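Quick notes on the structure that follows.
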Amino acid sequence: MDFSFTEEQSMLRDTVASYLADNYSFDQRRAALKAEPGWRPQVWKAFADELGILGAAFSEEQGGLGGGATDNMVIMEELGKALVVEPYLPTVVIGGGFLKHGKPAGADELIGKIIAGEAIIAFAYAEPQGRYTWSDLKTTAKKDGAGYVLNGHKAVVIGAPYATHLIVTARTGGGQREAQGVSVFIVPKDAKGVTTRDYPTVDGFRASEVYFENVAVGAEAMIGPEGQALPLVEKVMDEAIAATCAEACGVLRQLHEGTVEYARQRKQFGQPISSFQVLQHRMVDMFIQLEQSISMTYMADIKLNDSDAERAKGVSAAKVQIGKACKFVGQNAIQIHGGMGMTDEMAIGHYFKRATMIEAAFGSTDHHLARYETLSLGKAA
C-alpha cells in the first residue's frame, strides 16, 4: 500500500506537535482536568487562531484549508500523543462531517463558527438500550406545525458539558430498531427543554446525560432527509472511527516508547530490565502491534471514499486491529511498569485508560469483527 503525506500535511503534523510540546505537558493536562471546566478554552482558541487546525478539513470555499479526512487523521494522531481532551473529534470530525455531507440550512455559517473556535458540537446518539446499534432509538421527534418536538434521553455524550450545539439522532417514524425513520437534528445546547447531568469519564474527558423534554426546533434544524438519515449517520460515524483509530496510534506510540524508556532505566539484579530477553520480546510484540495499527488506519483512511460497503469493511477491520492493540500494548505497558504504572502521577496509566476507552468507543472489537464478517459474507456470517 502506497500512502504518502503531502508537504502540507507533514507541515501540519509538525505544527501541531510543536504547539503541544510547548503548551500541553502531562502536568499541565493533569492540572486542567482537576480544575473547572475540565479543559482549557485558551487551547481551543489557539487551535483556531494560532494554528488554524479547526479549519484544516474544510474546503477553502467554507473558510478552511482545503483538506479532508487525511488531515483529520494527522491531527488526531498528534492529539492522541498528548492525550488532548479538547473536543476536536465531536466538533470538527463529527459535527463537521454532518454539516459537510448533510448540508443543512445555515451549514456554512456554523462551519465558519467552528473554524473560528466559537462553536463546539457534541454528538448525542447513544441511548442506554442501544449499545452499538445506531438505529435503536427511543428518542422521538414528532411533527409540530412546520417544526418538530424532541423528547428522549441520550447517554454519555462526550463534550456536551462545554458544547454550544448538539447533533441529535431521533426517530420520526418506524419501529424502535428499524433503519427507516431515523432523522438527525442540530439543537442549540441552551434550547428550552434541554437539561444535562455532567460528569468526568475515566480517561479525563467530560460527558453528559442529556434529556430532551418537549424541545421545539424548526424544520431547518433537520440534517439530511427526514426518516432516511441512517446512511448519513453511518458515513459520519465511520469517519469518526477512522479518526479515533488515528488517535489510538498516537496513544499506542506513547505507551510503547514510554515503556521502552522505563525498561532502560529500571534496574533489577544490577542491570536494566530492558536487557532481559523475555521483556525484549514483549516490547518487540508491542511495536509490531503499533505498526500494524498504523497500517490499518491508513488503509481505513483510503477506504473512506469507496462504496458504503467497502468503507465500512475497511473501518471495521482497522477498529478490530486497534482494539486488539490497545488491549495488548496497554496491558503489557502496565505490567512492565509494575503497580506504579497505574498511579495518577505516572503518564503511562493515563495512556492506558485512554487506550481502554478507545477499544470500546463506537463499537467494541467483537462488534466490529461481527460487522466485518456480515459485510464480507452476508447471511452466511
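Readers should treat all values here as calculations from the given coordinates under stated rules, not as data from a laboratory. Keep in mind that what you see is a predicted model, and the values were worked out from it rather than measured. Quick reminder, even Gly has a Cβ in these numbers, built from the backbone with ideal geometry, and neighbours come from all protein chains shown.
In order along the stretch 197-209, the phi-based Karplus estimate (6.51 cos²θ - 1.76 cosθ + 1.60, θ = phi - 60°) of 3J(HN,Hα) comes to 10, 8, 6, x, 9, 5, 9, x, 7, 10, 9, 9, 8 Hz; Gly and Pro are listed as x. For 4, 135, 59, the sequence from fewest to most other C-beta atoms within 10 Å is 4, 59, 135. Given a Förster distance of 22 Å, report the FRET efficiency between residue 307 and residue 3 from their Cβ-Cβ distance, rounded to the nearest 0.05. Taking R0 as 22 Å, the efficiency between residue 307 and residue 3 is 0.65.
Ranked by the mean number of other Cβ atoms within 10 Å per residue, highest first, peptides 148-159, 186-197 order as 148-159, 186-197. Let me check against my output: what whole-number percent is the relative contact order of the stretch 24-92, with C-alpha pairs under 8 Å and at least 6 apart? Relative contact order for the stretch 24-92 comes out at 27 percent.
Pairwise Cα separations in the stretch 122-227 fall into 10 Å bins from 0 onward with the following percentages, short to long: 17, 50, 29, 5, 0.
Springs join every pair of Cα atoms under 10 Å in this Gaussian network model of the chain, and among 264, 177, 282 the largest mean-square fluctuation is at 264.
The fraction of all Cα pairs in the stretch 248-381 landing in successive 10 Å bins from 0 to the largest distance is 13, 37, 28, 15, 6, 1, given as whole percents. For the stretch 165-215 and the stretch 11-26, write down the distance between their C-alpha centroids in whole Å. The distance from the Cα centre of the stretch 165-215 to that of the stretch 11-26 comes to 33 Å. The relative contact order of the chain, computed from alpha carbon pairs under 8 Å that lie at least 6 residues apart in sequence, is 14 percent. Sequence-ordered 3J(HN,Hα) estimates for the stretch 299-306 from the Karplus curve with 6.51, -1.76 and 1.60 and θ = phi - 60° stand at 4, 4, 4, 5, 6, 4, 9, 7 Hz, glycine and proline given as x. Backbone phi angles across the stretch 22-35, fed through the Karplus curve with coefficients 6.51, -1.76 and 1.60 (θ = phi - 60°), yield HN-Hα couplings of 8, 10, 9, 6, 4, 5, 5, 5, 4, 5, 5, 5, 7, 9 Hz in residue order; Gly and Pro are listed as x. With each label modelled as a point 7 angstrom along the Cα→C-beta vector, the residue 344-residue 213 pair spans 3.4 nm.
With a Förster radius of 25 Å applied to the C-beta separation of residue 151 and residue 36, the computed FRET efficiency comes to 0.25.
Charged neighbours of residue 149, selected by a Cβ distance under 10 Å, balance to 0 (K, R count +1; D, E count -1). The mean sequence separation of alpha-carbon pairs under 8 Å and at least six residues apart, normalised by the residue count of the stretch 231-380, gives a relative contact order of 29 percent. Each eigenvalue of the Cα gyration tensor of the stretch 161-223, multiplied by 5 and square-rooted, gives one semi-axis; in descending order these are 24, 16, 10 Å.
Computed over the chain, the alpha-carbon pair-distance distribution with 20 angstrom bins reads 28, 58, 13, 1, each value a whole percent. For the stretch 278-368, the set of GluC sites (Glu not before Pro) satisfying both a DSSP loop assignment and a count of at most 13 other C-beta atoms within 10 Å is given as 345. Between residue 143 and residue 179, full extension at 0.36 nm per residue minus the direct alpha carbon distance yields a gain of 11.1 nm.
Between the stretch 44-83 and the stretch 114-132, what is the separation of their alpha carbon centroids in Å? So the separation of the two Cα centres works out to 18 Å. Pairs to check: 45/327; 34/353; 154/192. Give those whose C-alpha atoms are more than 28 Å from each other in this structure. Table pairs above 28 Å Cα-Cα are 45/327. Using the Cβ of residue 18 as centre and a radius below 15 Å, the other residues enclosed give a net charge of -3, where K and R count +1 and D and E count -1. For the stretch 32-159, the fraction of C-alpha pairs more than 22 angstrom apart is 45%. First select every other residue whose beta carbon is under 9 angstrom from the beta carbon of residue 80; then total the charges, Lys and Arg +1, Asp and Glu -1. Every neighbour counted, the sum reads 0.
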